[in-house]
Amino acid sequence: MARDLPQELCELAEDQLGVLSRAQILQVGVSRGAIVSRLDRGSWQRLFPGVYAAFSGPPPRPAMLWAAVLHAGPGAMVSYQTAAELDRLTDAPSSLIHLTVPGYRRVRCQPELSIHYSLRAAQAVHPARTPPRTRIEETVLDLWESAVSLDDAVSWVARGLGRRLTTQPRLRQAAYARSRLRRRPLLAELLSPDAAGQHSILEHRYVRDVERPHNLPSGTRQAPAERRGRTEYRDQLYEDYGLIVELDGRIAHPGDTRWADIARDNAAAAQGLTTLRYGWLPVTGSACQVAAEVAKLLTARGYTKARPCAPTCPVGR
């Protein structure tokens, strides 16, 4: 920042990663002509209408997020996929910058922005983090509601819990505060107290819908195994029958872990263990079919107590 600018403005620019709004600049007595002069000589640059970077060169991503918030005006905050990016709920930057603004305001959208309106904006914003953003629980619930598929919706909840960014009680409280919430019954099930302590939500559903109704043996949950000097954990180990059931996919384990999974399966096979893998949709949508596959292997290896849960159940056929 130039020395001829007020110290107050310099400090504000430092807090906002070099980004200032026209209103902030004029408020401290800098003229419009001074803004135009700096833009003309290239020491400043326009990022959005009425928002400037007080530096030259390509603006970094964090500066662009500040610019988007300032462009959207009072009460605006980073939200949805972009808030997920900032809080490590996802590992990839969003293609658009998502912003939430109070529902009583309207913002002129730009090609780089996706604007969401909320009557709960004041309750959703995090009280301290910058740039302003939604609380992690609000981010998870926003993404839950906007997800196109059930698979994607549950993956956001599982990521928030699996990465220890939030807890089931905090998500339940945030969900309760919303008068309208898409897929509320399923979310209540995912956040139910009896799912606490499980390694993943999917494991809870596996035990409840696959193991117990079909009288399968209780596998050892999160069974430790050593490989190359490191401890790994197998979701369900039926040790007496040489069978491992891994519950994975985007919901249970966010990110691309395909090659790590293959290496782990190969190591188990070298020890005489067979691995079956299931994601969210088979376990929640086809539990009897999953049970039939697991039971078939267990029966071939000596287990005799598997039974169908209903006349049409394929277990034992």
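Within region 265-296, the set of residues being touching a strand residue (DSSP E or B) at 6+ places or on another chain (Cβ under 9 Å), modelled with pLDDT under 85, assigned to a helix (DSSP H, G or I) and within 22 Å of His214 (Cα to Cα) comprises Trp280 only. In this structure, does Leu17 turn out to be of a type outside the set (Val, Ile, Thr), outside the structural domain of Val78 (by TED's automatic domain parsing), assigned to a strand (DSSP E or B) and touching a helix residue (DSSP H, G or I) at 6+ places or on another chain (Cβ under 6 Å)? The answer is no for Leu17. Kindly establish whether Pro131 is in a loop (DSSP other than H, G, I, E, B) and buried (at least 21 other Cβ atoms within 10 Å of the Cβ). Yes: the conditions hold for Pro131.
Restricting region 219-244 to residues that are of a type outside the set (Ser, Thr, Tyr) and not in a strand (DSSP E or B) leaves a set whose member that is nearest to the chain's Cα centre (by Cα) is Gly219. Scanning region 19-49 for residues being over 19 Å from Pro74 (Cα atoms) and in contact with a Pro (Cβ under 8 Å, 6 or more places away or on another chain) gives a total of 3.
For Arg120, state whether it is over 23 Å from Ala13 (Cβ atoms) and touching a residue at least 40 places away in the same chain (Cβ under 8 Å). Here the answer is yes, as Arg120 does meet what is asked.
Table: residues versus (1) over 17 Å from Leu165 (Cα atoms); (2) assigned to a loop (DSSP other than H, G, I, E, B); (3) of a type in the set (S, T, N, Q).
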{"position": "Leu65", "(1), (2), (3)": "yes, no, no"}
{"position": "Thr100", "(1), (2), (3)": "yes, no, yes"}
{"position": "Arg108", "(1), (2), (3)": "yes, yes, no"}
{"position": "Glu137", "(1), (2), (3)": "no, no, no"}
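Answer with yes or no whether Ala23 is touching a residue at least 12 places away in the same chain (Cβ under 8 Å), hydrophobic (A, V, I, L, M, F, W, C) and surrounded by fewer than 15 Cβ atoms within 10 Å (Cβ to Cβ). It is true that Ala23 is touching a residue at least 12 places away in the same chain (Cβ under 8 Å), hydrophobic (A, V, I, L, M, F, W, C) and surrounded by fewer than 15 Cβ atoms within 10 Å (Cβ to Cβ).
Looking across region 198-240 at every residue that is of a type in the set (Ser, Thr, Tyr) and over 26 Å from Gln168 (Cα atoms), the one that is surrounded by the fewest Cβ atoms within 10 Å (Cβ to Cβ) is identified as Thr231. Might you check whether a residue that is assigned to a strand (DSSP E or B), modelled with pLDDT of 90 or more and either of a type in the set (D, E, K, R) or within 30 Å of Val140 (Cβ to Cβ) (or both) occurs anywhere in region 245-264? For region 245-264, residues assigned to a strand (DSSP E or B), modelled with pLDDT of 90 or more and either of a type in the set (D, E, K, R) or within 30 Å of Val140 (Cβ to Cβ) (or both): present. Residues being out of contact with any helix residue (DSSP H, G or I) (no Cβ under 6 Å at 6 or more places or on another chain), at pLDDT below 95, over 30 Å from Thr284 (Cα atoms) and assigned to a loop (DSSP other than H, G, I, E, B) are entirely absent from region 143-154.
The values are calculated or read from the model by the stated rules, or taken from the named source; none is laboratory data. All of these numbers come straight from a predicted model, not from anything done at the bench. Every residue, glycine among them, receives a Cβ derived from its backbone with ideal geometry; neighbour counts consider all protein chains shown.
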